[in-house]
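The values are calculated or read from the model by the stated rules, or taken from the named source; none is laboratory data. Keep in mind it's a predicted model, so treat the numbers as computed, not measured. We place every Cβ from the backbone using ideal geometry, glycine too, and count neighbours over all the protein chains shown.
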Number of protein chains: 2
Amino acid sequence: MRFRTLSFSTRSLTPSKTLLPLVLRRRLVSALSAAPSPSPMAATEESLRRALAEKQTAVDAQSEAVRALKARPSVSKDEIDAAVEVLKALKVEQGAAAKRLQSAVSSNSDGSSKEAFRQAVANTLERRLFYIPSFKIYRGVAGLYDYGPPGCAVKSNVLAFWRQHFVLEENMLEVDCPCVTPEIVLKASGHVDKFTDLMVKDEKTGTCYRADHLLKDYCKGKLEKDLTLSPDKAAEFKHVISVLDDLSSEELGAKLKEYDIRSPDTGNHISDPYPFNLMFQTSIGPSGMLPGYMRPETAQGIFVNFKDLYYYNGNMLPFAAAQIGQAFRNEISPRQGLLRVREFTLAEIEHFVDPEDKSHPKFVDVANLEFLMFPREEQLSGKSAKSMILGEAVSEGTINNETLGYFIGRVYLFLTSLGIDKDRLRFRQHLPNEMAHYAADCWDAEIECSYGWIECVGIADRSAYDLRAHSEKSGVPLVAHEKFSEPREVEKLVITPSKRELGLAFKGNQRIVVEALEAMSEKEALGMKEALDDKGEVDFQVCTLGKSVRIKKSMVSISMERKKEHQRVFTPSVIEPSFGIGRIIYCLFEHSFYIRQRKSEDEQLNVFRFPPLVAPIKCTVFPLIKSQQFDEGAKLISKSLTAARVSHKLDVTGTSIGKRYARTDELGVPFAITVDSTTSVTIRERDSKEQIRVSIEEVASVMKEVTDGQRTWFDMLWKYPTHVTTHADEL
Amino acid sequence: MRFRTLSFSTRSLTPSKTLLPLVLRRRLVSALSAAPSPSPMAATEESLRRALAEKQTAVDAQSEAVRALKARPSVSKDEIDAAVEVLKALKVEQGAAAKRLQSAVSSNSDGSSKEAFRQAVANTLERRLFYIPSFKIYRGVAGLYDYGPPGCAVKSNVLAFWRQHFVLEENMLEVDCPCVTPEIVLKASGHVDKFTDLMVKDEKTGTCYRADHLLKDYCKGKLEKDLTLSPDKAAEFKHVISVLDDLSSEELGAKLKEYDIRSPDTGNHISDPYPFNLMFQTSIGPSGMLPGYMRPETAQGIFVNFKDLYYYNGNMLPFAAAQIGQAFRNEISPRQGLLRVREFTLAEIEHFVDPEDKSHPKFVDVANLEFLMFPREEQLSGKSAKSMILGEAVSEGTINNETLGYFIGRVYLFLTSLGIDKDRLRFRQHLPNEMAHYAADCWDAEIECSYGWIECVGIADRSAYDLRAHSEKSGVPLVAHEKFSEPREVEKLVITPSKRELGLAFKGNQRIVVEALEAMSEKEALGMKEALDDKGEVDFQVCTLGKSVRIKKSMVSISMERKKEHQRVFTPSVIEPSFGIGRIIYCLFEHSFYIRQRKSEDEQLNVFRFPPLVAPIKCTVFPLIKSQQFDEGAKLISKSLTAARVSHKLDVTGTSIGKRYARTDELGVPFAITVDSTTSVTIRERDSKEQIRVSIEEVASVMKEVTDGQRTWFDMLWKYPTHVTTHADEL
């Protein structure tokens, strides 16, 4: 998975270097959200822009005609009036075209403003303490947020379900590694050298900005606000936005210069772009000699433990390890609220598999799922995401292998169980330029919210890259073994340098020459053998000596030998689903939010339609009226709910039932229990407002069953009498 | 709660400063473990030391006698032989006395070696991946550990139970704040200035050591290894160890010099002690202008949110907020394995309460609990911890108030439910010199393990200190309000400076003088009023100006006025239970570990007797013999266990039942399900090895009930037929 948009490896390398191995893991938590993908909107927008330009041309022409008419000496007033009328009519048409374009470039397809919706959600979230800007009394820190009580409860429910859905269901090996990480680990993974964003500085104030943000903001601003933009220019800005993440530092700098982009806060000139490492750096221990970083992802903790985990799993593949934990990225200028933050919770799975067998025994369980996929081909040909059956996507080769497909299916089930709207969820395949060269295939679960399509889960087949990187750096082989049932005969290259002869010839350099000979590839070695058989000697380039040496036939014996092998030793491939928990939760907030019109008054009520699984509080308990009997009943029920471990809120404040409903709907509490008799209660469901009557003894077990997923509300509607008279409900 | 041993505030301040307010929170995660408390052992050891010294004297005297005898010209061989025999006998006695002393100073009271036990536990924990030294393939980093799969599962069970036992049960407001914290917050809390340990450096190599560790190691080494130590000298070393944490930098330096303590690795001279701040420092954002730290505790995140949380709670007291999260301490030289680490999980509760009413409505629920307490008085008079009834400890005033007592009782229930042995758990009250001056009372839950008594939970009444500190620094009042049912008449001091007069007199300093006058306490103001009424003018010390000014009667009016007040505004007190989760888990490992002798062979089997609540895996499923029918039955059961959310392990490897039991006992798996028929199974309990027979359909629900605490194994023994013939059990 990738954190830096299409960006990162390509952007931080100059074009001439892009053929080098891309050492850095490309992962979650990018502003991919903001990277526009071709959409059906685009066509409409372009035709609207063209229509507006045509109207503008017509208005200009008619204005000119009116002016010319007026300048002529002998023209009747009627003639001029008629021409002016035409001009007016054209202007009205132009105005309407401008309005249509404006609404197309800045609004949701349903016409209601994205901004207004986002603001309504944000207001409710902040007012009810779902989240709080961290350290608010000290004016906060950009990109750091607290989860307040209901937000924290939602998060802990999401994580508990993640553990159940993935770790428990698949018997994964969960681990828990520290955030503080020594430099050598992140050097091996590539983060120390390559985990950067390009930054520019205000030349006078020194304020820092992300270079790509400035360029994107400029282009977006032009597209949204300058309605007179020619279709060609509009196409150019759109192109810039779409290739933004592929631009090298030099290309980005050139564009910033070309458009004369300045510091947005001061209008000052800005510096050329330069890379800024996004890891929080620190120092481990008192000596100052051991540099460390706060981990930018949790996966490395799993890779470095591969050997032990493989052993723990009985030296068998496949198996998966998982980790939930904090990750840290020192963003240059965090934006988009909860979507791009400096500290966040990741949940990552590393599924280790034999590269020669990526089938999955449980793939049949998900093969019939059908949902929105956005394969590479559709993206490149300007089409939109389409509904596909998972089994077919794998069998047709759209998805590289069964294991990758299995996880895509499981992620789909996970997200929709939480309450993510399946029509605003798609799985987008990475384009070739987005993927690291070693990756076999990569799909992002993208969720649509008011900020656009947000990358929330990445599911990547990263082949053997990560284990190899740590094997090389640490010198500890991170490999798996396949024991053959019967030994197999193989041809093997055997290189035997004669240490004596080499010692006589090269003295102190003997060891280096020996090592270089042993390190030859099969092709090199066979070439040398041929030359030696032919001519008796050959020149051999020894990189570590920086020169060529002459090798004679007596100095080395090279042969192909047939050997019996009892096992295959290989580096496993890793398939990695990586979840940005905070992003999923934010999208869930947007997908769950709706506004209910109150009938009796001209008032709007905010509701979160969280499923019971996710809801921060499962039910509220109210006495219908202030009375000792009802209060006691309510307390009794509260006790039994606590014993059944159902989180709930007891409200004996005595405010009106309508107000209490409004208060708890806004927290997404799915059920309200009104104590209105000494023997039974009314339970009301939040969205349907349907009510059932249940005896006081049964309340806790009904709530338990319906909130932990054993039963549904629908089951309960069948089982218990419904209650039709609304006593003081808000409607 | 305190992290730095008795140490910290007193140690980092010179004696002359100890009367200043101690601004730093004293909290969990110290080596309190190592701070010896008076114990019955002490007396025995001293008498053994004295006995050994007497034997030594006797041996010396007899040696001298023998020498003198031999030097005399006319002594018979018999006479000499007799004297030598006496000497030999004395030497044997001396040897025995030395042995007794040696075993008293280095072993458990039961005589088995603590070290050997600890090593056995550690071997099992590491081999079965309960924990792994982090970044092991890169040779690790001191003080950083990973939880491997079973350790991670135990941790997540402990945290889930913590949430249930505290957050759900008490309706606490759980929050989740970032680890990255800007400097200003930790400046207000005092950590930036005072969160230090004293360090010394090897003068040649620069290696760093904790100054108190070197001194303690020296004293302990002398006490344990130098058996010829005089009782006086031994008492001196013991005294040094006991006051270690109260020593100032200078005193500590003087002791290191006096004993000529050198660098333990090189023998080089060491520097004088100097303070090292234990927070990991970093920088937030790209500018380098916003210093930050990784939080050393989670509590500050709650304090800075007090205002919002109070509002969320309907502006009512008392209420509690809670947080589980990572905390970081850059230890100078981490030791004691999992007990002193550089990154760890804290679970903290801040219970906000009216300082005038610290009663607790649910105190009755815990008042009858009886357990080991170690009040201040017992510690100071050299007695040991004693069993007390909680209700009496509060009513007698030993524990300051009901709320504090309530939490002590809840902590006791929490720890013992996890499996902590109640006989190795005590609640130790802080001595006056350990507590911050503002704290009303403080108790540590200490658990005894092979390292001694370890501070695992701190329960402190911290009064209003923390909220006041952040109010002052941020300028945001963090206060609560009590509305009076009827307005109350109060006398209030009114100070009205005349700005005009003061401006004429003090020009540019006017504002400073006005503020100083307004800030006067009631006593100061009334004193000034009297003086002004008397003499017409008075000298007034203005700290912020650094000098005295002369105040005339015309410059200020001071009076006591009767006013009606409708509410009381006050800073709440906070009662803080703070849990070192890693320490609790480590102690739990030790308390749960035992070795079972295998009857049939001469082999020892390791067992963790985790209660089902804590066990990393709840049950294993084995087919009795390799057969398709049994394998299918086992898979079916595994599916139903997954559906019931019971973590389990399916083992179809076909190794002997005895070996499989041994393997899972070592992971602390409480139940083993053997599939030995197509209709029913045998369930075996780990510790008693009792077995029952249950039908295949019922297995999952039996396991669910017995592992989530609805039923006990004992209930099941009654309900289901027991199975007496052991089929291939290990015995």
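So is residue A:215 away from chain B (no Cβ under 14 Å), surrounded by 19 or more Cβ atoms within 10 Å (Cβ to Cβ) and either more than 30 Å from residue B:330 (Cβ to Cβ) or touching a residue at least 40 places away in the same chain (Cβ under 8 Å) (or both) or not? Can you show your working first?
Values: away from chain B (no Cβ under 14 Å): yes; surrounded by 19 or more Cβ atoms within 10 Å (Cβ to Cβ): yes; either more than 30 Å from residue B:330 (Cβ to Cβ) or touching a residue at least 40 places away in the same chain (Cβ under 8 Å) (or both): yes.
When the stated conditions are applied, residue A:215 passes them.
Restricting to segment B:341-365, name every residue that is of a type in the set (Lys, Arg) and within 13 Å of chain A (Cβ to nearest Cβ).
Filtering segment B:341-365 down to residues of a type in the set (Lys, Arg) leaves B:342, B:358, B:362.
B:342, B:362, listed by residue number.
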Does residue A:203 satisfy being more than 9 Å from chain B (Cβ to nearest Cβ) and modelled with pLDDT of 95 or more? no
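Across segment A:279-291, what is the total count of residues that are more than 9 Å from chain B (Cβ to nearest Cβ) and at negative phi?
Filtering segment A:279-291 down to residues more than 9 Å from chain B (Cβ to nearest Cβ) leaves A:279, A:288, A:291.
Right, trim to at negative phi and you get A:279, A:291.
Of the residues in that region, 2 qualify.
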Unique residue being β-branched (Val, Ile, Thr) and closer than 30 Å to residue B:574 by Cα when the list is B:476, B:513, B:538, B:549: B:476
Could you please give the count of residues in segment A:144-160 that are at the interface with chain B (Cβ under 8 Å from one of its Cβ atoms) and buried (at least 21 other Cβ atoms within 10 Å of the Cβ)? 10
Output the residue which, of all residues in segment B:634-682 that are part of a loop (DSSP other than H, G, I, E, B) and touching a residue at least 60 places away in the same chain (Cβ under 8 Å), is surrounded by the fewest Cβ atoms within 10 Å (Cβ to Cβ). B:656
The correct count of residues that are touching a Leu at 6+ places or on another chain (Cβ under 8 Å) and buried (at least 24 other Cβ atoms within 10 Å of the Cβ) in segment B:181-197 is 4
Close pairs (6 angstrom Cβ cut-off, 6 or more residues apart or separate chains): farther than 24 Å from residue B:204 by Cβ in segment B:241-265, among the β-branched types (Val, Ile, Thr) anywhere: B:245/B:5; B:246/B:10; B:248/B:14
In segment B:161-197, which residues are more than 7 Å from chain A (Cβ to nearest Cβ) and either touching a Cys at 6+ places or on another chain (Cβ under 6 Å) or on the phi > 0 side of the Ramachandran plot (or both)? B:171, B:190
Taking into account only those residues within segment B:419-438 that are surrounded by fewer than 17 Cβ atoms within 10 Å (Cβ to Cβ) and among the charged types (D, E, K, R), which is nearest to the chain's Cα centre (by Cα)? B:424
Within the bounds of segment A:441-457, is there any residue that is surrounded by fewer than 18 Cβ atoms within 10 Å (Cβ to Cβ) and either under 29 Å from residue A:300 (Cα atoms) or over 17 Å from the mean Cα position of the chain (by Cα) (or both)? no
Quick test of your reading of the structure: residue B:334 fulfils all but one of (1) under 16 Å from the mean Cα position of the chain (by Cα); (2) assigned to a loop (DSSP other than H, G, I, E, B); (3) farther than 20 Å from residue A:176 by Cα. Name the failing condition by number. (3)
Matching residues in segment A:312-325 - criterion: being closer than 19 Å to residue A:575 by Cβ, part of a loop (DSSP other than H, G, I, E, B) and either out of contact with any Phe, Trp or Tyr (no Cβ under 8 Å at 6 or more places or on another chain) or facing another protein chain (nearest Cβ under 10 Å) (or both): A:313, A:316
Can you give me the number of residues within segment A:106-127 that are touching a Lys or Arg at 6+ places or on another chain (Cβ under 9 Å) and either at pLDDT 95 or above or in a helix (DSSP H, G or I) (or both)? 1
Restricting the search to segment B:58-75, which residues are among the polar types (S, T, N, Q) and exposed (fewer than 13 other Cβ atoms within 10 Å of the Cβ)? B:74
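Conditions tested, residue by residue: (1) of a type in the set (Val, Ile, Thr); (2) buried (at least 20 other Cβ atoms within 10 Å of the Cβ); (3) touching a helix residue (DSSP H, G or I) at 6+ places or on another chain (Cβ under 6 Å); (4) not in a loop (DSSP other than H, G, I, E, B).
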position	(1), (2), (3), (4)
A:327	no, yes, no, yes
A:344	no, yes, yes, yes
A:348	no, yes, yes, yes
A:351	no, yes, no, yes
A:364	yes, no, no, yes
A:368	no, no, no, no
A:403	yes, yes, no, yes
A:406	no, yes, yes, yes
Just to be sure, is residue A:553 in contact with a Gly (Cβ under 9 Å, 6 or more places away or on another chain) and without any contact (Cβ under 8 Å) to a residue 60 or more places away in the chain? yes
Failed condition for residue B:309, given (1) more than 8 Å from chain A (Cβ to nearest Cβ); (2) part of a helix (DSSP H, G or I); (3) surrounded by fewer than 23 Cβ atoms within 10 Å (Cβ to Cβ); (4) of a type outside the set (Asp, Glu), with all others met? (1)
Apart from one, (1) in a helix (DSSP H, G or I); (2) crowded, with 18+ Cβ neighbours inside 10 Å; (3) of a type in the set (A, V, I, L, M, F, W, C); (4) in contact (Cβ under 8 Å) with a residue 24 or more places away in the chain all hold for residue A:235; the odd one out is (2)
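Quick check on residue A:489: is it assigned to a helix (DSSP H, G or I) and either acidic (Asp, Glu) or under 23 Å from residue A:442 (Cβ atoms) (or both)?
Numbers: assigned to a helix (DSSP H, G or I): no; either acidic (Asp, Glu) or under 23 Å from residue A:442 (Cβ atoms) (or both): yes.
So residue A:489 does not fit the description; no.
Could you list all residues from segment B:129-140 that are touching a residue at least 12 places away in the same chain (Cβ under 8 Å) and at the interface with chain A (Cβ under 8 Å from one of its Cβ atoms)?
Narrowing segment B:129-140 to residues touching a residue at least 12 places away in the same chain (Cβ under 8 Å): B:129-134.
Answer for segment B:129-140, where residues must be touching a residue at least 12 places away in the same chain (Cβ under 8 Å) and at the interface with chain A (Cβ under 8 Å from one of its Cβ atoms): B:129, B:132, B:134.
Within segment A:293-306, track down each residue that is more than 21 Å from the chain's Cα centre (by Cα), more than 8 Å from chain B (Cβ to nearest Cβ) and either of a type outside the set (Ser, Thr, Tyr) or surrounded by fewer than 24 Cβ atoms within 10 Å (Cβ to Cβ) (or both). Spell out the reasoning first.
As a first pass, look at segment A:293-306 and keep what is more than 21 Å from the chain's Cα centre (by Cα): A:293, A:304-306.
Keeping just the survivors that are more than 8 Å from chain B (Cβ to nearest Cβ) gives A:293, A:306.
Answer for segment A:293-306, where residues must be more than 21 Å from the chain's Cα centre (by Cα), more than 8 Å from chain B (Cβ to nearest Cβ) and either of a type outside the set (Ser, Thr, Tyr) or surrounded by fewer than 24 Cβ atoms within 10 Å (Cβ to Cβ) (or both): just A:306.
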Which one of these is among the hydroxyl-bearing types (Ser, Thr, Tyr) and in contact with a strand residue (DSSP E or B) (Cβ under 7 Å, 6 or more places away or on another chain): B:554, B:521, B:548? B:548
Might you check whether a residue that is under 30 Å from residue A:398 (Cα atoms) and not aliphatic (A, V, I, L, M) occurs anywhere in segment A:323-331? yes
Please verify whether segment A:508-519 includes one or more residues that are more than 45 Å from the chain's Cα centre (by Cα), more than 30 Å from residue A:443 (Cα to Cα) and not in a helix (DSSP H, G or I). no
